[in-house]
Amino acid sequence: MDFLVLFLFYLAFLLICVVLICIFTKSQRLKAVVLGGAQVCSRVIPQCLQRAVQTLLHQLFHTRHPTFIVLHLLLQGLVYAEYTCEVFGYCRELEFSLPYLLLPYVLLSVNLVFFTLTCAANPGTITKANESFLLQVYKFDDVMFPKNSRCPTCDLRKPARSKHCRLCDRCVHRFDHHCVWVNNCIGAWNTRYFLIYLLTLTASAATIATVTAAFLLRLVTVSDLYQETYLDDVG
């Protein structure tokens, strides 16, 4: 089957999935059908398998662990290994500029530095020692952040814009979210590292994509592939 036809089928499948998700989230009747289907599946699937899946999902998304750090580094290593083996050498043969080819490695180095800082840095843990100081940083609005509220877990007064992270079991100043990819909370003291990490990660991905696209275009031009023809079995 023609590649373009397959690609159109793929796009149609994605659009249908998006539409169905939108419909399911708004229709109570369809929600009931989905819940009914889930109940039927729960009766068919063995309880031991259900418990194992629930335990695994809880460990992955509701506890603090380095699994996603390892996965992130593995994926990043595979991407750069593919770039080094399949693109870098051929680009050197095609006389690409060396600084242009080395730019992804420079971005990778900077990215890994700020990735490490984001993982290791204190995001802004609230303690007895800094509680009084952090209470004065942001004003209380008495709507989302009442003035005299206390964290029932940490037994500390909650500064404005702080939140208790249930994964790390601590209150974090100017809490944004808990990122599983860095296995750490993102708060007041490591947001700058996290943003630079994201920027360098995006820049490195864009640079590799640009170099690869330029390599493919140069290859097509040098080998005159755009002038080639193909005949199938029926002519």
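Using the Cβ-Cβ distance between Arg192 and Val40 with R0 set to 35 Å, the FRET efficiency works out to roughly 0.10.
For the chain, divide the Cα radius of gyration by the Kirkwood radius and give the resulting Rg/Rh value with two decimals. Could the numbers behind the result be given before it?
Details: Rg = 25.7 Å, Rh = 23.3 Å.
Answer for the chain: 1.10.
Counting lysine pairs in the chain that sit 8 or more residues apart in sequence, or on different chains, and whose Cα atoms lie under 22 Å apart gives 9. Accessible surface comparison of Ser42, Ser109, probe 1.4 Å, protein chains only, largest first: the order is Ser109, Ser42. In this structure, the amide hydrogen of Thr125, modeled 1.01 Å from its nitrogen in the peptide plane, lies closer than 5 angstrom to those of His173, counting only residues at least 5 positions away or on a different chain.
Considering the zone a paramagnetic label at Ala81 would reach in this model (a point 7 Å from Cα along the Cα-to-Cβ line), which residues of region 114-133 have amide N under 12 Å from it? What the label zone holds, given the 12 Å backbone N cut-off, is no residue at all.
Taking only Cα atoms and a 10 Å spring cutoff, compute GNM fluctuations for the chain and point out the largest among Asn183, Asn111, Asn130. Result: Asn130 has the largest fluctuation of those listed.
Which FRET efficiency value, to the nearest 0.05, is calculated for Val5 and Arg64 with the Förster distance at 45 angstrom and r the Cβ-Cβ distance?
On the way: r = 46 Å, r/R0 = 1.03.
That gives a FRET efficiency of 0.45.
Under a GNM of the chain (C-alpha, springs under 10 Å), which listed residue has the highest mean-square fluctuation: Asp142, Asp176, Asp224? Among Asp142, Asp176, Asp224, the largest GNM mean-square fluctuation belongs to Asp224. Counting 0.36 nm for each residue step from Gln47 to Leu74 and taking away their Cα separation leaves a gain of 6.4 nm.
Let me spell out the model: positive unit charges on the Cβ of Lys and Arg, negative unit charges on the Cβ of Asp and Glu, origin at the Cα centre of the chain. What dipole size does that give, in debye rounded to 20? Provide the component values of the computation, followed by the final result.
Numbers: 20 positive and 15 negative charges, 430 e Å.
Its charge dipole is roughly 2060 debye.
Here the spin labels are modelled as points 7 Å beyond Cα on the Cα-Cβ line, and at Thr127 and Thr229 they lie 7.7 nm apart.
Distance between the 7 Å Cα→Cβ label points at Phe145 and Tyr105: 4.6 nm.
Enter the accessible area of Arg161 (Å², nearest 10), with the probe set to 1.4 Å and all protein chains included. Taking all protein chains as shown, Arg161 has close to 110 Å².
Show that you can apply the helix-only estimate: for the chain, add -39,500 (n - 2.57) for every DSSP H stretch of four or more residues, divide by all residues, and state [θ] at 222 nm to the nearest 500.
Values: 8 runs with 137 residues, N = 235.
Rounded to the nearest 500, it is -19500 deg cm²/dmol.
Which shape class applies to region 20-114: rounded if a/c is under 1.5, otherwise prolate when a/b exceeds b/c and oblate if not, where a ≥ b ≥ c are the square roots of the Cα gyration tensor eigenvalues?
Details: a/c = 3.37, a/b = 2.39, b/c = 1.41.
Since a/c reaches 1.5 and a/b is larger than b/c, the shape of region 20-114 is classed as prolate.
Accessible area ranking (1.4 Å probe, heavy atoms, ligands and nucleic acids excluded), largest first, for Thr84, Thr200: Thr84, Thr200.
With a/c under 1.5 counting as rounded, go ahead and sort region 59-131 into rounded, prolate or oblate using the C-alpha gyration tensor (a ≥ b ≥ c being the square roots of the eigenvalues; past the cut-off, prolate if a/b is larger than b/c, else oblate).
Values: a/c = 7.48, a/b = 2.22, b/c = 3.36.
Oblate shape, in that a/c is at least 1.5 and b/c is the bigger or equal ratio.
Amide H contacts under 5 Å for Asn184: Cys179, restricted to partners 5 or more places along the chain or on a different chain, H placed in the peptide plane at 1.01 Å from N.
The values are calculated or read from the model by the stated rules, or taken from the named source; none is laboratory data. As the structure is a prediction and not an experimental result, all values here were calculated from the model. Every residue, glycine among them, receives a Cβ derived from its backbone with ideal geometry; neighbour counts consider all protein chains shown. Each accessible area value is taken on the protein alone, full model and side chains, heavy atoms only, with ligands, DNA and RNA left out. Shrake-Rupley method; radii C 1.70, N 1.55, O 1.52, S 1.80 Å.
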